[in-house]
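> This is the structure, below, for whatever I ask next.
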């Protein structure tokens, strides 16, 4: 899981959209309170990689100084939780469910 987490973090910190998306399955489901703000979507949920591409594109524009600082990697069964410092120094966790190919199929993001 450490390799996955480091690659994910490096992609985000490089603002490399294609590399970021390489970690996600085409049928990913992504929940985040930030979706409510960026997409003006009260449900806070995105379905599918192409919708995720559009959301991440908006987020990278909205937060040009985006930089994540990884604090902890918590391993589960076919899942990982990344605990990190996010934009505007917010604390964040993302619980990611991984498929047999190691791609993310579901995300639950949380912010303090």
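Read-outs: derived from the displayed coordinates by stated rules, not from any lab. This one's a predicted model, so the numbers in the text were calculated from it and none came from an experiment. FYI the Cβ positions are ideal-geometry reconstructions off the backbone, even for glycines, and counts take in every protein chain you see.
> I'd like the FRET efficiency for residue 67 and residue 112, computed as 1/(1 + (r/R0)^6) with the beta carbon distance as r and R0 of 22 Å, rounded to 0.05.
The pair residue 67/residue 112 has a calculated efficiency of 0.80.
> Let me ask something else about it. Taking 7 Å along the Cα-to-C-beta vector as the label spot, tell me the residue 101-residue 40 distance in nanometres, rounded to one decimal.
Simple spin-label model gives 3.4 nm for this pair.
> Another one. Using the number of other C-beta atoms within 10 angstrom as an exposure proxy, rank 16, 25, 89 with the fewest first. It would help to have the intermediate numbers written out before the result.
Working: 16 13, 25 18, 89 7.
Listed from fewest to most nearby Cβ atoms, that is 89, 16, 25.
> Let me ask another. Would you list 38, 20 from fewest to most Cβ contacts within 10 Å? Each step should come with its number before you reach the end.
Values: 38 17, 20 20.
Starting with the residue having the fewest Cβ neighbours, the order is 38, 20.
> Just to be sure I understand the model, the point goes 7 Å from the Cα along the line to the Cβ. What's the resulting residue 10 to residue 26 distance in nm?
In this crude label model, residue 10 to residue 26 measures out at 2.7 nm.
> Let me ask something else. Compactness ratio of the chain: Cα Rg over 2.2 N^0.38 Å, N = residue count?
Details: Rg = 12.8 Å, N = 112, 2.2 N^0.38 = 13.2 Å.
For the chain, the normalised Cα radius of gyration comes out at 0.97.
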